[in-house]
2 protein chains.
Amino acid sequence: MLNIFTKIIIVIALLATFLGTISSQEKDLNTLQTARRNLMPVPANVSWKNGRLPVTKTFAVAVAGKTDERLKSYIFRVMRRLEGRTIFEFSRDLSNDPANAQLLIETASTGNAIPQLGDDESYNLEITEKQAKLTAPTTVGAMRGLETFLQLLEGDAGGFYFPAVSVSDKPRFPWRGLMIDSARHFQPMEVLRRNLDAMAAVKLNVLHWHLTEDQGFRVETKKLPELHLQGSDGLFYTQTEIREIIKFAADRGIRVMPEFDMPGHATAWVVSHPEIASAPGPYQIERQPGIFDPTLDPTNEKTYKLLEVFFTEMSALFPDKYMHIGGDENEGKQWNANAKIQAFMKANNIKDNHALQTYFNKRLLKFLEKNGKIMMGWDEIFQPDLPKNVVIHSWRGQKALAEAAKQGYTGVLSNGYYIDLMFPASQHYVVDPLPADTTLTAEEQKRILGGEATMWSEWVSPETIDSRIWTRTAAIAERFWSPQAVNDVDDMYRRLEIISSQLEELGLTHRRNQDVLLRRLANNQNIFALQTLVGLIEPVKEYRRYQVRPQTMLSPLTGLIDAAQADAIGARRFNMFVKSVVTSNIEKQQAPALKALFNDWKGDGMRLKILIENAPALTEAKQLAPDLQSLGEIGLETVEFLQTGKTSSAEWRDAKLKSLAEIGKQKAGLEFQVVESMKLLVNATAGN
Amino acid sequence: MLNIFTKIIIVIALLATFLGTISSQEKDLNTLQTARRNLMPVPANVSWKNGRLPVTKTFAVAVAGKTDERLKSYIFRVMRRLEGRTIFEFSRDLSNDPANAQLLIETASTGNAIPQLGDDESYNLEITEKQAKLTAPTTVGAMRGLETFLQLLEGDAGGFYFPAVSVSDKPRFPWRGLMIDSARHFQPMEVLRRNLDAMAAVKLNVLHWHLTEDQGFRVETKKLPELHLQGSDGLFYTQTEIREIIKFAADRGIRVMPEFDMPGHATAWVVSHPEIASAPGPYQIERQPGIFDPTLDPTNEKTYKLLEVFFTEMSALFPDKYMHIGGDENEGKQWNANAKIQAFMKANNIKDNHALQTYFNKRLLKFLEKNGKIMMGWDEIFQPDLPKNVVIHSWRGQKALAEAAKQGYTGVLSNGYYIDLMFPASQHYVVDPLPADTTLTAEEQKRILGGEATMWSEWVSPETIDSRIWTRTAAIAERFWSPQAVNDVDDMYRRLEIISSQLEELGLTHRRNQDVLLRRLANNQNIFALQTLVGLIEPVKEYRRYQVRPQTMLSPLTGLIDAAQADAIGARRFNMFVKSVVTSNIEKQQAPALKALFNDWKGDGMRLKILIENAPALTEAKQLAPDLQSLGEIGLETVEFLQTGKTSSAEWRDAKLKSLAEIGKQKAGLEFQVVESMKLLVNATAGN
């Protein structure tokens, strides 16, 4: 139960790391902290000034230029957030006195009411001791500037204020997306609304909405209602709801691009229309994760007849110019096994399944073009013969994307941004859609439109989805918006914690729901020790979760693995601390702090054993309790050496490293993230 | 930052209190704990057996008798909650093998699809080692039984199980309500949905929906759209949404009774219709809390013309037989000042404003009766001449209610259940709609239909409303459902904590949102010390909040007063501990625990001072930091006496009691709840 010690000591350690006694990078960090304050994404150009614009209860906003209702509503919401933070009540009316308003917003034009790719999102923000002036060519630019403005709010004994600054900002890439998979696990309207709010807060501008999958068909169709009625378990978005989401997004400068995945990932389609599948069926909604056989039949005219009706209806429903047709992971098994399809290929000189899929895509392209849409698809659609006016969405990587760009295709990168795989933010952060060493020409570089974080939803519920997205996605948003040179990982984490936390004001649940899950798991017991544990463990990475702990799409996502998050904060801080201690050779000096920490781990491990005895939902993870205790015990032995300056024997170290290797193995799909640091400490006992 | 100590020590103390070393009530408490386990409301009859029904992943449910879609959906949701707690994935299909299903539900009839007053809500639940059998005369009875069933889930080293038991249950009162005021602060659909879920979980069966007020007109009217369009700031429920809520409630066995408050509390009405007010206007939506003058003109035929249109429309929209017309707090100022009204009274022999209001009510009654409705109103409508078929809703008290019952009126009690006033659950819990010493005859007693907790919304936002309702309302629900003899306050608190916490699985935010508010207030700083503070303070009671810390309906509700809750848990536990220590004369024995605790308070107080320096939104509460430190210091001095057995001087005690009196005064609308216990301790230093 003493995990507070953990936190305190780690906080102290962290402060030490940042504020001086340890790091040789002290000055640089300080510079970065000052320069970037709490801004995320970091603007293109920031020039700090002396002075501050105080925030008092008479804070007033005026507008000038072309102001539309979207901007007024945006200002209204921003002011409510400013109220929430300051507990002042501001006037709800715009000021009629622009010269004396504390915030003056001037937009040259309203821009497109429904956002489009390439909309001007730039803005300038000049804050003096008298006034903040935000100027932007469009409403959307002003929205982006308002978010920067809010992030600039600071407070101290003198009250709340905005620091004087001159910001000139625009995005590096025009396509900055978050893909939400509403198909594998349906996500209710409020999940989408709050995530759109969070997207706007970090300047993302595309909701890529993955709406059909083997596991569900989530969009209402009036023309072909059997599709959603038989393919969704009743969990679909009505067209009214979809229009509401599109408006909600547009009001935040966010495009909504739907994805209807085909010809593979199509089980939910063929539940009601087995006649357009490439094998006879019947089909049921898929409950497992993975890649499945059901594939639309590209040689059947009925397929196109149905798809034309469908795409015509969807083209009218979704105003965005881009429509994503998926195209991924079609393994062609049904095609290979179907004599009619094979005969068709022979008769039409279609040499392989890739070519057949290109044939299919070209047929689709006609429907889309007829409806004024631009087709987008995953890497696999990039085949010889593919028309140039198709956008490549790369899950394979920058090379594939660059190759497409060289051949004249525009593209968007998602490889490196698969947030469902539970990698740390640092790993996503260093992935650049257009790496510094690119060999693309300036012309080709323009074809790299940006990137998208992808929230595949095999293992997320409405209760946990925010915890998978917003622990890390603000860092990815920075990669898409900020200059390439903004790449300091430590400072990214410093700002990420603050900005992610601020998203809570928009209703995001990534922080608040963790304890809810722990309380439920604890079966009415005190969760202190469990909090210590969950701060040190993370779910297994990549696609290992299903391998080590199989579940279906209908399973409850309320296990310890669901409460655990990527970038476990206790582990991250411990690792930073140990790294700084070891690299600075100050083990002896920091031994008391480490000792207190390890005592906590040991004690919490012991307490967890008892807790788990009365919390059957944690039984699967019960080995983590003695493991935590062992980590504490190994740590205490290690500290004894470090504190006394005695060196350990090779045998002792071997034994400890062996134990740590065991502790490092996953249990219930969870891994301790402190094992490498513990090894460092153990090895440090060998002396210099 | 050491508030964990606080928690640990208090938890230890609490355990000690309950489990043995201290209390002379030990045996009784244990008996109660066993007898009532985690059930709330406690069923009418419970008989525990030996054995347990284990829960494994093959747990199956079968139904027999008359089963409707409502029941199937309810079972579906209960099974998902059982999955969430156990992390098993159960079959989503009902079993075809009733004899071997672990849960068999047999309903004799479906009952009313739209719940009505007096519906049979009884059920029987027999759990053996082989099967749980739930039988009920109606679907709603089965719903009630399913909630009891879920509350019975327990777990230990042997896994999850249901204890063998025989339950025979039915409600004490047929009317068990929660009033939600959606008018003063609009509450979005998801707030209503999650609160309806929570109501069903604790067997409440009436949502009394307060929809019009001086501060807002929240219901869409198709016939008179100016009412909601001009009276709501755009924050109203569409009729589609209202129908959705009615269905959502009906699916949980909950009636929805609307309230349209008149002739007072009517400002939002007369914004668009000043001609039916009793003074000329113009009117704006009211932004202040309180009682206001605008009152409908009961002498103007236009008033009735409009109201007839309105009530006819609303009667069709809301299927419940009861319609609440408010009627409270009409001070008659506009009536007194209006010569035409005075003349009307004279001409019609109406002797005073009460009589005029009765005249008004009788006119309304005609519209309601024409539409098949029964009128309900607050105490004030109970006047001579009031027809007997009107229900009295008492905010004045049991006496007023009993008086009405004697005269033949049915009634519902809300006095004593005003959860907006921030009283502890214990205070509400002891209020009985029909006290044990009632002088009513059996016939008259039947007229006391039940009670309603009232969530008046002057000071609640969607972010905080659950924290005002669900910290205490499960205890009130028990009062309305359980036998009168269920009245042990300590055991109520023990169960309340567990049951309130379980509501989180339904999306309720009363626990999770407190840290969100604290994090925002802390301005990106660590909230440990702030958590200690908020565990010891409560908002001022009754209507003092507005007096000491005025705000309007448009103010942000994100201050420390909004994060603080009634029944502050740290204070409650401290008080229990001190009481047991002092009454058992074991001050010396418990001195080390107290010392550690007071050290934390002192330290956290000091840390809070620094935190508040950088958190301007806490400036208003900054005196609470040195106060917390002083509490710790006074405590430490006290402990010194208690530990050594020395007695203190009268001067010393006077000085400390004086300091405590200062500390006990509200600051920023917040009061330390530990001051009385501290005084007890200080006085204990005087020796015996």
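A few remarks follow.
- Filtered residues of the stretch B:386-427 (kept if under 19 Å from residue B:368 (Cβ atoms), open to solvent by 30 Å² or more (accessible area, probe 1.4 Å) and not polar (S, T, N, Q)): B:387, B:388
- Inside the stretch B:523-574, residues that are touching a strand residue (DSSP E or B) at 6+ places or on another chain (Cβ under 9 Å) and aromatic (Phe, Trp, Tyr) make up a count of 0.
- Selection within the stretch B:594-650 - at pLDDT below 95 and either touching a Lys or Arg at 6+ places or on another chain (Cβ under 8 Å) or of a type in the set (Asp, Glu) (or both): B:642, B:643, B:645
- One residue stands out in the stretch B:282-328 among those that are among the charged types (D, E, K, R), in contact with a Ser or Thr (Cβ under 7 Å, 6 or more places away or on another chain) and in contact (Cβ under 8 Å) with a residue 60 or more places away in the chain: the one that is surrounded by the most Cβ atoms within 10 Å (Cβ to Cβ), namely B:286.
- Considered as a group, the residues in the stretch A:516-540 that are at pLDDT 95 or above and either of a type in the set (Ser, Thr, Tyr) or open to solvent by 30 Å² or more (accessible area, probe 1.4 Å) (or both) include one that is farthest from residue B:501 (Cα to Cα), and that residue is A:532.
- Members of the stretch B:136-191 found to be open to solvent by 10 Å² or more (accessible area, probe 1.4 Å), touching a Lys or Arg at 6+ places or on another chain (Cβ under 7 Å) and within 11 Å of residue B:125 (Cβ to Cβ), listed by number: B:166
- For residue B:550, the criteria (1) in a helix (DSSP H, G or I); (2) without any contact (Cβ under 8 Å) to a residue 24 or more places away in the chain hold in every case but one, which is (1).
- Within the stretch B:609-624, tally of residues that are in contact (Cβ under 8 Å) with a residue 60 or more places away in the chain and within 14 Å of another protein chain (Cβ to nearest Cβ): 8
Condition check ((1) of a type in the set (D, E, K, R); (2) out of contact with any strand residue (DSSP E or B) (no Cβ under 9 Å at 6 or more places or on another chain); (3) open to solvent by 30 Å² or more (accessible area, probe 1.4 Å)) across all residues:
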{"site": "A:345", "(1), (2), (3)": "no, yes, no"}
{"site": "A:353", "(1), (2), (3)": "no, yes, yes"}
{"site": "A:356", "(1), (2), (3)": "no, yes, no"}
{"site": "A:363", "(1), (2), (3)": "yes, yes, yes"}
{"site": "A:367", "(1), (2), (3)": "no, yes, no"}
{"site": "A:372", "(1), (2), (3)": "no, yes, yes"}
{"site": "A:378", "(1), (2), (3)": "no, no, no"}
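- Residue among A:95, A:91 that is open to solvent by less than 40 Å² (accessible area, probe 1.4 Å), within 26 Å of residue A:59 (Cβ to Cβ) and assigned to a loop (DSSP other than H, G, I, E, B): A:95
- With respect to the stated conditions, residue A:463 is within 20 Å of residue A:538 (Cα to Cα), out of contact with any Gly (no Cβ under 7 Å at 6 or more places or on another chain), not assigned by TED's automatic domain parsing to the domain that holds residue A:122 and not in a helix (DSSP H, G or I).
- Flag if residue A:496 is open to solvent by less than 40 Å² (accessible area, probe 1.4 Å), within 14 Å of another protein chain (Cβ to nearest Cβ), among the hydrophobic types (A, V, I, L, M, F, W, C) and in contact with an Asp or Glu (Cβ under 8 Å, 6 or more places away or on another chain): no
- Test: residue A:212 is in contact with an Asp or Glu (Cβ under 6 Å, 6 or more places away or on another chain) and either surrounded by 23 or more Cβ atoms within 10 Å (Cβ to Cβ) or assigned to a helix (DSSP H, G or I) (or both): yes
- Of all residues in the stretch B:507-545, those being within 10 Å of chain A (Cβ to nearest Cβ), outside any helix (DSSP H, G or I) and among the acidic types (Asp, Glu) number 0.
- Residues located in the stretch A:463-516, provided they are of a type in the set (Asp, Glu), in contact with a Leu (Cβ under 6 Å, 6 or more places away or on another chain) and under 25 Å from residue A:532 (Cβ atoms): A:466
For (1) within 30 Å of residue A:583 (Cα to Cα); (2) modelled with pLDDT of 95 or more, each residue gets a yes or a no:
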site	(1), (2)
A:35	yes, no
A:39	yes, yes
A:46	no, yes
A:61	no, yes
A:82	no, yes
A:94	no, yes
A:106	no, yes
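- Just one of the listed residues (B:447, B:468, B:472, B:511) is closer than 30 Å to residue B:625 by Cα and either open to solvent by 10 Å² or more (accessible area, probe 1.4 Å) or in contact with a Pro (Cβ under 6 Å, 6 or more places away or on another chain) (or both), and it is B:511.
- Tally of residues being at the interface with another protein chain (Cβ under 10 Å from one of its Cβ atoms) and either free of Cβ contacts under 8 Å to residues at least 24 places away in the same chain or open to solvent by 10 Å² or more (accessible area, probe 1.4 Å) (or both) across the stretch A:558-567: 1
- Sole exception among (1) closer than 30 Å to residue B:342 by Cα; (2) buried (at least 24 other Cβ atoms within 10 Å of the Cβ) for residue B:218, by number: (1)
The values are calculated or read from the model by the stated rules, or taken from the named source; none is laboratory data. Treat the numbers as computed from the prediction; the structure is a model and nothing was measured. Ideal geometry is used to build each Cβ from the backbone, glycine not excepted, and the neighbour counts take in all protein chains shown. To get the accessible areas, we keep the full protein, side chains included, count just its heavy atoms, and leave off ligands, DNA and RNA. Shrake-Rupley method; radii C 1.70, N 1.55, O 1.52, S 1.80 Å.
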